[in-house]
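The values are calculated or read from the model by the stated rules, or taken from the named source; none is laboratory data. The structure displayed is predicted, hence computed values, not measured ones. Virtual Cβ from ideal backbone geometry, glycine too; neighbours counted across all protein chains shown. Only protein heavy atoms, including side chains, enter the accessible area calculation; ligands, DNA and RNA are left aside. Shrake-Rupley method; radii C 1.70, N 1.55, O 1.52, S 1.80 Å.
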Amino acid sequence: MKSLVCISHVPDTTTKIKYTDDGKSLDTSGVTFIIGPYDEYGLVRAIEFKEQTGEGSVTVLCVGGSQVEPTLRKALAIGADSAVRIDANPLDGMFVAKQISDYARGKEFDFIFFGKESIDHNASEVPGMVAEYLDLPFVSQAIHLEMDGDTAILHREIDGGYEVLHSSTPVVVSCQKGISEWRIPNMRGIMMAKRKPMEVCSATEGAVAVSTERFELPPPKSGCIYIAPEDAGSLVEMLADKGLL
Amino acid sequence: MAVLVFAENSQGRIKKGALEAVSYAYAFAELLGEDLEAVVLGETDSNPSETLGRYGVKKVFHYDDADLNDFNDQLFTAIVADLVKEEEIPVIVMAQSYDGKALAPRLAARLDAALVSGAVQCPVKDDNGFTVRRSANSGKGIETVLTHRDTVIISVKKNSFGLNVNEADCEVEEVEYDIDMTSSIKIVERVQTTSKVSITEADIVISGGRGFKGPENWGILEEFAEAVGAGTACSKPVSDMDWRPHHEHVGQTGIQIAPNLYIAVGISGAIQHLAGVNSSKNIVVINKDPEAPFFKHADYGIIGDLFEVLPKINEAVRKHKASQA
Ligand SMILES: Cc1cc2nc3c(=O)[nH]c(=O)nc-3n(C[C@H](O)[C@H](O)[C@H](O)COP(=O)(O)OP(=O)(O)OC[C@H]3O[C@@H](n4cnc5c(N)ncnc54)[C@H](O)[C@@H]3O)c2cc1C
Ligand SMILES: Nc1ncnc2c1ncn2[C@@H]1O[C@H](COP(=O)(O)O)[C@@H](O)[C@H]1O
């Protein structure tokens, strides 16, 4: 299997979100960045394919400035073979999708893996757009993937359950929990990652379809009404009075 | 010219999530002074004008075809894109559902449209486009975006807008599609992992954490859920340890939900957990530790042992139901 894994470079999940004073962007002071947690499920699944068959390759790609290189390096330490950085500010989903498609076109990847969403934009838009630009089938929110001969068997989450799908390759898959388990890079992986190739490509033309006007924090909660545990039953009345039960 | 809403057809029915998108689209159409039209793909149990007319749809394009009963992102994109071009539609609205997340981006790429996903408020017209508020940073922030294309697609975040009845005379136009496509994806099976209320659709969700000590103790939580028709959820460690199934895991890396009422029992309120539930309208926290971070995000809190508190609540629910009957 020849896989391309598209990873986002996102604030660690414990980040207390703050925005800059002009509200235009995230205040990144003191923020650690990680591989998007959903993207990492796709990454590990791609690596498992290679381990299981002893064949194929895993390329990780991120659209971003040089600050994303440590994140790409971490993906190499987990087990990807090579990294690609498309040197551009990831302005919006459509721009990023166009960069990824322009890179992938003609390279004959069997799988293009994504996370189901980035945890900063939470847009779930890049994977579907790439699928459309490359005219490929798309399985979103996959929780399981295996091969049966040339057929990919996928489980796609839906309300209250999942669908079992059969797809040919190449196919675009967006991943979430269930498809693999996260891995912690070991010392050997980290050492080897230093010698693995990191290619930097310049971006192609692309105009944004949406731009950020401002970010703000949601209004804070007005405070918690405490109910004594002996009196727990009165909660029901309170909720019913508010029309919540 | 009209606003078009993709009214998602779930096995013959148009569900609440889709109707919320319809309500949103209605408000948007009012703002623009346009009519609201809907597209429905696949067979429906009843005439789609009955439900959709209640929420302000004037015209339904119904592709009443069994081949469209199952979602297929490529075919659905092609059909909706053709309709949008034919009818010169500038705005398309849909729910940010499982299918919506697969359809919206594909359609945006096909039509070179500006996609705003996870909208939480009706757009505002700006000299240069529309500004729309959307949820960002896993619910920890709100982003206002400006659109830069003539065609705009909006996916509406669940439970962010609500349902608004706006009776309209609704006509149905039965339409057929003329697209020859052999899909390389086949649905072989649809597995229902829960017969209960789906947590993304539910108005009330009750959720359990490690405080439950083990999988055998979930009876009191299920009793509550059953009594009030709530969905059941859990924290990540609980599903990691297989105390509860994966599809109940909510949070940053699980399912994101925004019910009217979220009841967290024996859950500490870690930031990754909050990221999946902080859009809930009302939050109740039951925890024996007064320092549990979840209380900072709660509307109602009970500091106490869940094994004593929850049975008391269940008892009160029984009485409440009996008094209503
Ligand atoms: C990258 C990443 C992603 C993550 N994603 C998620 C996610 O999506 N969802 C998620 O939930 N977590 C996620 N986590 C894990 C998260 O950090 C917490 O570890 C987890 O939410 C804790 O679960 P918990 O509250 O059930 O358990 P604990 O933190 O152990 O809390 C148990 C709580 O129960 C209370 N308790 C104990 N006994 C009783 C009793 N008898 N009565 C009342 N209260 C009692 C305790 O006071 C405590 O507050 C993620 C972590 C990482 C690193
Ligand atoms: N800048 C980027 N570079 C590479 N891949 C990305 C980038 N941003 C997002 N992605 C991928 O697209 C997925 C969905 O992102 P989003 O559409 O922002 O929710 C992520 O999970 C990543 O796999």
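When chain A is treated as a GNM, springs tying every alpha-carbon pair under 10 Å, which of A:ILE158, A:ILE190, A:ILE78 comes out with the largest mean-square fluctuation? It is A:ILE158.
Rounded, prolate or oblate: pick one for region B:211-292, where a ≥ b ≥ c are the square roots of the eigenvalues of its C-alpha gyration tensor, a/c under 1.5 means rounded, and failing that, prolate if a/b is larger than b/c, else oblate. Show your work: numbers first, answer last.
Numbers: a/c = 1.19, a/b = 1.10, b/c = 1.08.
Since a/c stays below 1.5, the shape of region B:211-292 is classed as rounded.
Which residues in region B:134-156 place their backbone N less than 19 Å from a point set 7 Å from the Cα of B:ASN128 along the Cα-to-Cβ direction? Correct set: B:134, B:143-153. Each of B:SER198, B:LEU32, B:HIS246 was scored by the projection of its Cα onto the charge dipole of chain B, and the greatest displacement toward the positive side belongs to B:HIS246; charges sit on the C-beta of Lys, Arg, Asp and Glu. Between B:ASP305 and A:ILE190, the simple label model (points 7 Å from Cα in the Cβ direction) yields a spacing of 4.5 nm. Translational diffusion of chain A was estimated from the Stokes-Einstein equation, with Rh taken as the Kirkwood radius over Cα pairs; at 37 °C and 0.692 mPa s the coefficient is 166 µm²/s. Once all protein chains are placed together, B:LYS140 keeps about 40 Å² accessible to a 1.4 angstrom probe.
Give, to the nearest whole percent, the P(r) tail of the protein assembly as shown beyond 47 angstrom, counting all Cα pairs.
Details: 17403 of 162165 pairs.
For the protein assembly as shown, the fraction of Cα-Cα distances above 47 Å is 11 percent.
Projecting the Cα positions of A:ALA207, A:GLY149, A:PHE49 onto the charge dipole of chain A (unit charges on Cβ atoms of Lys, Arg, Asp and Glu, taken about the Cα centre) puts A:PHE49 furthest along the positive direction.
From the helices alone, meaning DSSP H stretches of at least four residues, give me the mean residue ellipticity at 222 nm for chain B, per-run term -39500 (n - 2.57), in deg cm²/dmol to the nearest 500. Can you show the working numbers first?
Numbers: 8 runs with 94 residues, N = 325.
When only DSSP H runs of four or more count, the value is -9000 deg cm²/dmol.
Longest segment of chain B with no GluC sites (Glu not before Pro) in a DSSP loop having at most 15 other Cβ atoms within 10 Å? My reading of the result: B:177-290 is the longest stretch. Between A:GLY223, A:GLY161, A:GLY233, the Gaussian network model of chain A with springs among Cα atoms under 10 angstrom shows the greatest mean-square fluctuation at A:GLY233.
Over all pairs of different C-alpha atoms, region A:15-123 has a mean inverse distance whose reciprocal, the Kirkwood radius, equals 15.2 Å.
Fully extending the segment from A:GLU237 to A:GLU205 would add 5.5 nm, taking 0.36 nm per residue of separation and subtracting the current Cα-Cα distance. Taking a ≥ b ≥ c as the square roots of the eigenvalues of the Cα gyration tensor, an a/c ratio of 1.5 or more together with a/b no larger than b/c marks region A:159-199 as oblate. Whole-Hz Karplus values for region A:200-215 come out as 10, 10, 7, 7, 8, 4, x, 10, 6, 9, 9, 10, 7, 8, 6, 10 Hz, taken residue by residue from phi with 6.51 cos²θ - 1.76 cosθ + 1.60 and θ = phi - 60°; glycine and proline positions read x. Dipole magnitude for region B:1-98: about 400 debye, using +1 per Lys or Arg Cβ and -1 per Asp or Glu Cβ, origin at the Cα centre.
Of all beta bridges that DSSP places with both ends in chain B, some 20 percent have antiparallel geometry. Most tightly packed first, judged by the mean number of other beta-carbon atoms within 10 Å of their residues, the peptides B:53-60, A:101-108 read B:53-60, A:101-108.
Could you tell me whether region B:202-251 comes out rounded, prolate or oblate from its Cα gyration tensor? Rule is a ≥ b ≥ c as square roots of the eigenvalues, rounded for a/c under 1.5, then prolate if a/b exceeds b/c, otherwise oblate. Kindly include the intermediate steps, with their values, before the conclusion.
Working: a/c = 2.32, a/b = 1.37, b/c = 1.69.
Oblate, because a/c is 1.5 or more while a/b does not exceed b/c.
Let's test the formula: R0 of 60 Å, r as the Cβ-Cβ distance of B:GLU189 and A:ASP21. What FRET efficiency results, to the nearest 0.05? For R0 = 60 Å, the calculated efficiency reads 0.70. With R₀ set to 30 Å, the beta-carbon distance separating A:LYS221 from B:LEU32 gives a calculated FRET efficiency near 0.30.
Roughly how big is the protein assembly as shown's charge dipole about its Cα centre, with Cβ charges of +1 (Lys, Arg) and -1 (Asp, Glu), in debye to the nearest 20? Working shown, then result.
Values: 54 positive and 84 negative charges, 502 e Å.
Around 2420 debye, computed over the protein assembly as shown.
The modelled label-to-label distance for the pair B:ASP240/B:ARG210, using points 7 Å beyond Cα in the direction of Cβ, is 0.8 nm. In region A:44-120, the portion of solvent-accessible area held by carbon and sulfur atoms comes to 45 percent [1.4 Å probe, whole percent, DNA, RNA and ligands not counted]. Heavy atoms of the protein chains alone define the surface here; on that basis chain B has 39 Å² accessible area per residue at 1.4 Å probe size. Taking B:GLY266, B:GLY231, B:GLY219 as the candidate residues, the one with maximal mean-square fluctuation in a Gaussian network model of chain B, Cα springs under 10 Å, is B:GLY219.
Set the bar at 22 Å for Cα to Cα. Now go through A:LYS177/B:LYS296; B:LYS15/B:LYS58; A:LYS74/B:LYS236; A:LYS242/B:LYS312; A:LYS16/A:LYS196; A:LYS242/B:LYS140 and name every pair that lies beyond it. Present the calculation step by step, with values, prior to reporting the outcome.
On the way: A:LYS177/B:LYS296 28 Å; B:LYS15/B:LYS58 19 Å; A:LYS74/B:LYS236 24 Å; A:LYS242/B:LYS312 20 Å; A:LYS16/A:LYS196 33 Å; A:LYS242/B:LYS140 26 Å.
Result: A:LYS177/B:LYS296; A:LYS74/B:LYS236; A:LYS16/A:LYS196; A:LYS242/B:LYS140 exceed 22 Å.
Counted by Cβ distance under 12 Å from A:LYS242, the other residues give a net charge of -2, where Lys and Arg count +1 and Asp and Glu count -1. The label point for B:LYS319 and the one for B:ASP169, both projected 7 Å from the Cα toward the Cβ, are 5.4 nm apart. Beta bridges assigned by DSSP with both partners in the protein assembly as shown are antiparallel in approximately 35 percent of cases. In the protein assembly as shown, taking the dipole from charged Cβ atoms about the Cα centre, the farthest positive-side position among A:MET129, A:LEU76, A:CYS62 is held by A:LEU76. Label point of B:LYS281 set 7 angstrom out along Cα-Cβ; within region B:154-196, amide nitrogens under 12 Å from it belong to B:159-164. Could you check how many percent of all C-alpha pairs in region A:109-242 are farther apart than 17 Å? The proportion of pairs with Cα distances above 17 Å equals 76 percent. Normalised by 2.2 N^0.38 Å, with N the number of residues, the alpha-carbon radius of gyration of chain B equals 1.08. Taking max minus min of the alpha-carbon positions on each principal axis, region A:86-174 gives extents of 38, 32, 16 Å, largest first.
In summary, the aspartates and glutamates within cross-link reach of A:LYS18, defined as a Cα separation below 19 angstrom excluding same-chain residues under 8 places away, comprise A:ASP27, A:ASP120, A:GLU213, A:GLU216, B:GLU143.
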